Amino acid sequence: MKICFFGKLSNALMGKTQGGAQLQISLLAKALASKGHEVVVIDPFLEENFKTAEGISVINVPNWNTGIRGLRFFFNRVPALFKIFKAQNADYYYVRMRYYLYLVPFLTSRQTNTKFILSIACDIDVLGLYKKYTSEYKGNIGFFKYLSLALPNDLVFKYLLKRADIVAFQHNDQKKLAGKLPNKGIIFPNIIDLKQFESIECTQKCDYYIYVGSLTKLKGAAKLLNLIQKSPHVSFLIVGKPRDNESEAVYEQLKKYSNVTLKGWLNHEQTLTLIAGAKALINTSFYEGFPNIFLESWACGVPVISLNVNPDNILNKHKLGVCCEGDLQKMQSVVENGKFDECEPQKLRSYVAEFHNFETAAERFMALL
């Protein structure tokens, strides 16, 4: 089988992940390539073509940034993309996240009578335009940027959601949230490569809770601040930085609290070591998909305390942590109590190994197709 991926993925393929969606695409691409499938990645932001150790061909788009701004989109970029996608003659074209240029591989799949896979990166992807605007964009980006970039991305995604040959969801709740669709829906949980945890010490616990990732409106930065304000005797360690206007103000407020340690961005190994030493990972997001950070926490034997996110009720079903059902008062009580007797570290690791292991990802994905 030949599968063609599209996106800004080169850094993720080289181990320099810029986001959860890019990480998941790179892991799936590597898993498929390692099992003998032909894998191609089209990255228009890449300067030079290269091939990864797994045999993945990573291809750039020539003259992507040449020409007059505005005109080059129609005369350079779109024609070049069509030419490159057609030349791949892939069995499947795969995209993830929201981006208006995903129309190009979709239309290519229609012209070549091949299959197009749309993968859902976050629960908010399948919500309506108004909900996306109020939850993600309002107050954080200018109206012109919304009209010129965010709205086209969302409109194209909505179009593709109903026309893709296959829609890949991360969990059943996400599929239900999307409503009835005319195409084939599959459930493919996120992947984690457990080899990276072999050198991480997961036994020494310290007296802090850890938050890892960007601080944004969608990820509940204001809720995190409220939790910290309500729990002055609890220690919190935050790895990450703000990425929107609202969260910039929150981050400045966090600097005032003596029970908070702000680490900024750290490399992956440093972050995992800090997770391994925590009482629990905390998550205040309003929407996620299937958070990579949950998988990493469980792989370290550390439970998760989530304000809202609980895909398919797994926190309760598999005793992986606590979901507070949106109740900040309950979350405060949980962190102050600090006891997670049912969340045995070995069971957390076993869950990840059984349902999310990189080693079996290619076989599971192919079986679903």
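The values are calculated or read from the model by the stated rules, or taken from the named source; none is laboratory data. Owing to the predicted nature of the structure, the values given are computational and were not obtained by experimental measurement. Positions of Cβ are backbone-derived with ideal geometry, glycine not excepted, and every protein chain shown enters the neighbour counts. Accessible surface is based on the protein model in full, side chains and every heavy atom, while ligands, DNA and RNA are left aside. Shrake-Rupley method; radii C 1.70, N 1.55, O 1.52, S 1.80 Å.
A few remarks follow.
- Number of the condition not met by ILE228 [criteria: (1) among the aliphatic types (A, V, I, L, M); (2) over 22 Å from GLY338 (Cα atoms); (3) assigned to a helix (DSSP H, G or I)]: (2)
- TYR251 in a strand (DSSP E or B) and not hydrophobic (A, V, I, L, M, F, W, C): no
- Verdict on ILE84 being in a strand (DSSP E or B) and either open to solvent by 10 Å² or more (accessible area, probe 1.4 Å) or not aromatic (Phe, Trp, Tyr) (or both): no
- Selected residue (criterion: most open to solvent (accessible area, probe 1.4 Å)) from residues of region 125-144 that are among the charged types (D, E, K, R) and over 20 Å from LEU215 (Cβ atoms): LYS131
- Candidates PHE188, PHE197, PHE169 - the one that is surrounded by 17 or more Cβ atoms within 10 Å (Cβ to Cβ), hydrophobic (A, V, I, L, M, F, W, C), in contact (Cβ under 8 Å) with a residue 12 or more places away in the chain and more than 27 Å from PRO105 (Cα to Cα): PHE197
- Residue match in region 360-367 (condition: assigned to a loop (DSSP other than H, G, I, E, B), open to solvent by 10 Å² or more (accessible area, probe 1.4 Å) and of a type outside the set (Ser, Thr, Tyr)): no
- Breaking point among (1) open to solvent by less than 20 Å² (accessible area, probe 1.4 Å); (2) within 17 Å of ILE191 (Cα to Cα), for CYS4: (2)
- Summed over region 265-308, the residues that are farther than 12 Å from GLY213 by Cβ, without any contact (Cβ under 8 Å) to a residue 40 or more places away in the chain and either in a loop (DSSP other than H, G, I, E, B) or not aliphatic (A, V, I, L, M) (or both) give a count of 3.
Let's see how each residue does on (1) closer than 28 Å to ALA353 by Cβ; (2) part of a loop (DSSP other than H, G, I, E, B); (3) of a type outside the set (Gly, Ala, Ser):
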site	(1), (2), (3)
LYS132	no, no, yes
LYS145	no, no, yes
VAL167	yes, no, yes
LYS205	yes, yes, yes
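- Qualifying residue in region 296-312 (condition: open to solvent by 10 Å² or more (accessible area, probe 1.4 Å) and farther than 26 Å from ILE187 by Cα): no
- Residue identified as touching a residue at least 40 places away in the same chain (Cβ under 8 Å), crowded, with 17+ Cβ neighbours inside 10 Å and out of contact with any Leu (no Cβ under 7 Å at 6 or more places or on another chain) among LYS223, LYS219: LYS219
- Taken over region 329-345, the criterion of being hydrophobic (A, V, I, L, M, F, W, C) and assigned to a helix (DSSP H, G or I) is satisfied by MET331, VAL334, VAL335.
- Scanning region 252-285 for residues that are surrounded by fewer than 18 Cβ atoms within 10 Å (Cβ to Cβ) and among the hydrophobic types (A, V, I, L, M, F, W, C) yields a total of 3.
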